[in-house]
Amino acid sequence: MRQEPFLAWPGWRHLRFAWVLSLAGAAWFVWVYAGANALTAHRAARVRVHFDAELGFPFVPEAVVIYMSIYLLFLAAPFIIRQRNDFFALSMTLNLVVLLSGLCFLAVPAQLAFAPPQDLGAFPELFRFADRLNLTYNLVPSLHVALSVLCIAAFSGRANPAGKVLFWIWAVAIALSTLLTHQHHVIDVVAGFALALIGYRFVYLKRFNRVERAR
């Protein structure tokens, strides 16, 4: 049996389907993410989520390029996940991860321990844009890490061995970029990774396997 290409044109019908789901998912993300941040802003309580050693982490503003590469994953999704049921499963899993993260943000009201940076490096406007998107209080888990790792887990399941290695290097690089840009703390990254892998294993794959058995 000839193996399907990893990356291919999915057709306009699938693209329209993917765009509708993605727009709905983006609206859901904004509502949950911004809503949790707004609620925490009106609360006095803050939970410490950093270790003292993290305050010595280097600040590498140029890592924002890797940080923002998460959006390439979103753009590539319909060209990699080309079956409607599978794309739906991934979208719903991403939405569930957003919901669970929002609940965690409310349960663990946190704030970055890093001082605002002065030198924004070679891409100051890109850094400012990324910093504005992150808002202020949504730290544990890192939703940036959770969403990128979940996409990479789904994509790597369709890649060849070399592709899998490259994808997971990308996942680690994005996770590290959240630390090097001082957007997150270690516990945020670990929690984001864990949430993504749990969502992939117990939500996305369960849905995917059910579809496969029905075929």
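The values are calculated or read from the model by the stated rules, or taken from the named source; none is laboratory data. Because the structure is predicted, anything quoted here is derived from the model rather than measured. So basically every Cβ, Gly included, is an ideal-geometry build from the backbone, and we count neighbours across all protein chains shown. Areas reflect the complete protein model, heavy atoms only, side chains present, ligands, DNA and RNA absent. Shrake-Rupley method; radii C 1.70, N 1.55, O 1.52, S 1.80 Å.
Of note:
- Once the Cα atoms are used to define both axes, helix 12-41 deviates from the longest principal axis of the chain by about 20 degrees.
- Over 16 Å [Cα-Cα, the stretch 30-74], rounded percent: 68
- Using the 1.4 Å probe convention, the accessible area of the stretch 1-93 works out to 62 Å² per residue with neighbouring protein chains retained.
- The stretch 26-54 and the stretch 165-180: distance between their alpha carbon centers, rounded to Å: 23
- On Cα atoms only, tilt of 205-214 relative to the major axis of the chain in degrees: 10
- GNM flexibility winner over the chain from H14, H42, H144 (Cα, springs under 10 Å): H42
- For the chain, the Kirkwood radius over C-alpha pairs fed into Stokes-Einstein at 4 °C and 1.567 mPa s yields D = 71 µm² per second.
- On the beta carbon distance between F79 and V190, with R0 = 22 Å, the FRET formula returns roughly 0.10.
- Across the chain, the mean sequence separation of Cα contacts (distance under 8 Å, 6 or more residues apart), normalised by length, yields a relative contact order of 31 percent.
- Over every Cα atom in the stretch 1-97, the radius of gyration and the widest Cα-Cα span, Dmax, amount to 18.8, 61 Å.
- With eigenvalues of the C-alpha gyration tensor scaled by 5 and rooted, the stretch 3-47, Å: 38, 13, 4
- E4/L176 FRET efficiency (R0 30 Å; Cβ-Cβ; nearest 0.05): 0.40
- Ordered by 1.4 Å accessible area with all protein chains kept, T136, T93 run largest first as T136, T93.
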